[in-house]
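Written below as structure tokens is the structure these notes are about.
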Amino acid sequence: MAITFEHVTYIYEPDAPVVQKVLDDISLTIPGNQFVGIIGHTGSGKSTLIQHMNGLIKPTEGTVKFHGEDIWQKDYPLRQLRSRVGLVFQYPEHQLFEENVFKDVCFGPKNQGLTQEEIEQRAKNALSMVGLDESFYKRSPFELSGGQKRRVAIAGVLAMNPEYLILDEPTAGLDPVGRDEILDQVSRLQKESGITVILVSHSMEDVARYAQRLIVVDDGHIRFDDTPRNVFRHREELEKLGLSAPQVTYLAAALKKRGFAMTEDVTTIREAKDAILQALSAERENRSGNGIQKKEQVKTDD
Amino acid sequence: MIKDITIGQYYAVDSPIHRLDPRVKLVGTVLFIVSLFVAEGVFGYLAAAGALAFVIHMSRVPFRFMTRGLKSILIIMLISVSFNIFFTEGTPVADVLILRSMTWEGLEKAVYMAIRLIMLILGSTIMTLTTTPNALTDGLEKGLGFLKKLHVPVHELAMMMSIALRFIPILIEETDKIMKAQTARGADFESGGIIRRIKAMVPLLIPLFISAFRRAADLALAMEARCYHGDANRTKMKPLRYEHCDRGAYGCMAAYLVLILILKFVWKGWIAG
Ligand SMILES: Nc1ncnc2c1ncn2[C@@H]1O[C@H](COP(=O)(O)OP(=O)(O)OP(=O)(O)O)[C@@H](O)[C@H]1O
Ligand SMILES: [Mg+2]
């Protein structure tokens, strides 16, 4: 159970005056039941990388394997692969075409050749997962807001029940509540049904919060591939790549610099809160309250 | 997938030919094509081929890019060449089988015709390879500016042309994206009978049209927001102005034309004498 890349190189325009390797000799294994985050600056090759995973583009060099089988060997069932590796594109709302929301979500399962009942069941499940209730079913996808369209499009892929779910910046342009809702659902799905989720994101907070493993892409190379905590230890390197660590990591570092007895190793708000409270109580025990207390109070509100 | 189609096949390098004023290149291409029909005799064609080779060399575009254009007209060329070979009156090539209906005159005509066609395509390919579509429309607009006096809406036509040209790669890209997105949802564009295939296009065409309309509306709005008002009193950010090398290029063209004419009369004299 794994998607494996072996020395994958990809060039979009081999004939262009300047040949640009969008992916350069990438080797990578993504086993089942993981939540993987992918980050990288704009144009670093993230979207190109994930489109290799379900056989939408063919590597210029190297092989991509799914469960140990080369997906570009002759007679490999690519369509079946695509229903097992679901891919939600960046700006997926542009792919909607049916007359109503429900039908559009049914498009994927229908292509899988399921019975009508199953199709409808899956569509309903998927729509409820992205937080769209029955009042949306009969509406035209074109008269929805951008965020609602996005949800419909995500549901369209969820309805295919993939083993691997790849999301390319699914939350760009969503409100904070909607963003958390969708990511929470996906994360729950990942834990409950044991699928693998691959999340491409520009939000360090999101990947820190949800991912177990973080891959940093830079100009077609993988720079880091580790747990988010370990990756975010390399703050300076990340900044050189046009990225950053989560804001709370900077906060922790700043507090430490001010002489706080706390770790810099925090990546999520919850961890930060715990670390700060711990540091505070330690401080209080050491010496009974003095001038710094006020400053600390303000900071915990973050 | 669909990326293999090349339209507006500009090849981006820096070369003296790329830097020429688009008007020069337009005029040059037209003159070259005319010269191909004026030229006569071996020397005339040699001169034309020499000029072409010189320009190709100067343009620094790899030769295999030129020949791409040739592939598309290969069939037309084969047909017209064989017509010429077989249907021209004259002395048969030999007295055996098929060779009986081939004539020396036809063969000669066919060879000249093939050379002419090849050079014609190469000549115009050079222009599109070294000139961005935008520069080309700019050149057309300015070059045909005199038609405005006859109330031909030259500016509007040029604007439409450049917008259309600009939209082609965008639409191709968009098609590619939507195709991939639907493929990821299990759509199948490649198998099945003709009816199935047409049906399979629906999930591609509807989003494509919608996005084209949206883009057109956005563009109209953006132009409006910047107070676009057509031709009158508009100035250019980079107005076309002839430089020394442009004048030089015109000079070369004139010299080339004279050479072709001289060679033509020399050849005629030679044949007659
Ligand atoms: N269809 C294409 N044709 C040619 N070049 C492309 C194409 N798609 C992407 N590229 C190039 O490949 C590189 C990587 O693009 P990619 O879309 O993978 O980046 P990304 O990491 O997903 O960026 P973003 O964060 O903006 O989505 C870019 O330099 C881009 O110019
Ligand atoms: Mg991308």
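Where a number appears in this text, it was derived from the coordinates with a stated rule and is not lab data. Quick caveat, the model's predicted, so the values are computed rather than measured. Note that we place each Cβ from the backbone using ideal geometry, even for glycine, and neighbour counts take in every protein chain shown.
Show which aspartates and glutamates lie in cross-link reach of residue B:149 when reach means a straight Cα distance below 20 angstrom and same-chain residues fewer than eight apart are skipped.
The reachable aspartates and glutamates, counting only those whose Cα sits under 20 Å from residue B:149, are B:138, B:141, B:231.
Work out the charge dipole of region B:139-240 with +1 on the Cβ of Lys and Arg and -1 on the Cβ of Asp and Glu about the Cα centre, then indicate which of B:202, B:230, B:143 is farthest towards its positive end.
B:143
Please say if the protein assembly as shown is rounded, prolate or oblate, where rounded means a/c under 1.5 for a ≥ b ≥ c the square roots of the C-alpha gyration tensor eigenvalues, and otherwise the choice is prolate for a/b larger than b/c and oblate otherwise?
In terms of gyration-tensor shape, prolate.
Whole-Hz ³J(HN,Hα) for each residue in region A:167-181, computed from phi via Karplus 6.51 cos²θ - 1.76 cosθ + 1.60 with θ = phi - 60°, x for glycine and proline: what do you get?
Each residue's phi maps through the Karplus curve to give 10, 9, 6, x, 9, 4, x, 9, 6, x, 5, x, 4, 5, 4 Hz.
Under a cut-off of 20 Å between alpha-carbon atoms, report the lysines in cross-link reach of residue A:46, not counting same-chain residues fewer than 8 places apart.
A:21, A:58, A:65, A:240, B:3, B:177, B:180
Mind telling me which of B:191, B:15, B:59 comes out most flexible in a GNM of chain B, alpha-carbon contacts under 10 Å?
Of the options given, B:191 has the highest mean-square fluctuation.
Computed FRET efficiency, Cβ-Cβ of residue A:18 and residue A:103, R0 56 Å: what is it to the nearest 0.05? Walk me through the intermediate numbers first.
Details: r = 45 Å, r/R0 = 0.80.
After rounding to 0.05, the efficiency reads 0.80.
Calculate one ³J(HN,Hα) per residue across region A:105-116 by plugging θ = phi - 60° into the Karplus curve 6.51 cos²θ - 1.76 cosθ + 1.60, and present them in order as whole Hz with x for glycine and proline.
5, 6, 4, x, x, 4, 5, 7, x, 8, 6, 4
Which is farthest toward the positive dipole end of chain B among B:76, B:63, B:172, measuring Cα position about the Cα centre, with Cβ charges +1 (Lys, Arg) and -1 (Asp, Glu)?
Of the options given, the answer is B:172.
Based on Cβ point charges of +1 for Lys and Arg and -1 for Asp and Glu, what charge dipole magnitude is obtained for region B:101-160 about its Cα centre, in debye rounded to the nearest 20?
Working: 5 positive and 5 negative charges, 31 e Å.
Dipole magnitude for region B:101-160 comes out near 140 debye.
Of A:15, A:70, A:274, which has the largest mean-square fluctuation in a 10 Å C-alpha GNM of chain A?
Of A:15, A:70, A:274, the most mobile in the Gaussian network model is A:15.
Treating only the Cα positions of chain A as identical point scatterers, give the base-10 log of I(q)/I(0) from the Debye formula at each q in 0.08, 0.09, 0.15 Å⁻¹.
Result of the Debye calculation: -0.42, -0.53, -1.17.
When we measure straight from the Cα of residue B:25, which lysines land under 19 angstrom away, once same-chain ones fewer than 8 places off are left out?
Reachable lysines: B:142, B:238.
Would you mind working out the magnitude of the charge dipole of chain A relative to its Cα centre, with +1 at each Lys and Arg C-beta and -1 at each Asp and Glu C-beta, to the nearest 20 Debye?
660
Taking 0.36 nm per residue of sequence separation and subtracting the Cα-Cα distance, how much length would be gained by fully extending the chain between residue B:13 and residue B:236, in nm to one decimal?
Here the answer is 77.9 nm.
Return the single residue from A:194, A:178, A:259 with maximal mean-square fluctuation; model: Gaussian network over chain A, springs between Cα atoms under 10 Å.
A:259
Can you give the charge dipole size of chain B about its Cα centre, rounded to the nearest 20 debye, using +1 on the beta carbon of Lys and Arg and -1 on the beta carbon of Asp and Glu?
So the magnitude is around 580 debye.
With r defined as the distance between the Cβ atoms of residue A:58 and residue B:89 and R0 fixed at 45 Å, what FRET efficiency is calculated, to the nearest 0.05?
Efficiency, rounded to the nearest 0.05: 0.25.
Over chain B, what is the mean sequence separation of C-alpha contacts under 8 Å (at least six apart), divided by residue count, expressed as relative contact order in percent?
Numbers: 223 pairs, mean separation 82.7, N = 273.
Contact order relative to length: 30 percent.
Modelling each spin label as a point 7 Å along the Cα-to-Cβ direction, I'd like the residue B:245/residue B:73 distance in nm, to one decimal.
Between residue B:245 and residue B:73, the label points sit 2.7 nm apart.
Over all directions, what mean area does the Cα convex hull of region B:139-240 project, stated in square nanometres?
About 9.5 nm², averaged over all directions.
Using amide H atoms built in the peptide plane, which far-off residues or other-chain residues are under 5 Å from residue A:217 H to H?
Here A:39, A:40, A:223 satisfy the definition.
Given labels modelled 7 Å from the Cα in the Cβ direction, how far is it in nm from residue B:220 to residue B:80?
Using points 7 Å along Cα→Cβ, the separation is 4.1 nm.
Between A:154, A:185, A:55, whose Cα lies farthest towards the positive end of the dipole of region A:50-192 when Lys and Arg beta carbons carry +1 and Asp and Glu beta carbons carry -1, centred on the Cα centre?
Of A:154, A:185, A:55, it is A:55.
Can you compute the radius of gyration and Dmax for chain B, using only the Cα atoms, both in Å?
Computed over the Cα atoms of chain B, radius of gyration and Dmax are 24.3, 76 Å.
Quantify how strongly other chains surround peptide A:88-99 by giving the mean number of their Cβ atoms within 10 Å of each of its Cβ atoms.
The shielding value for this peptide is 5.
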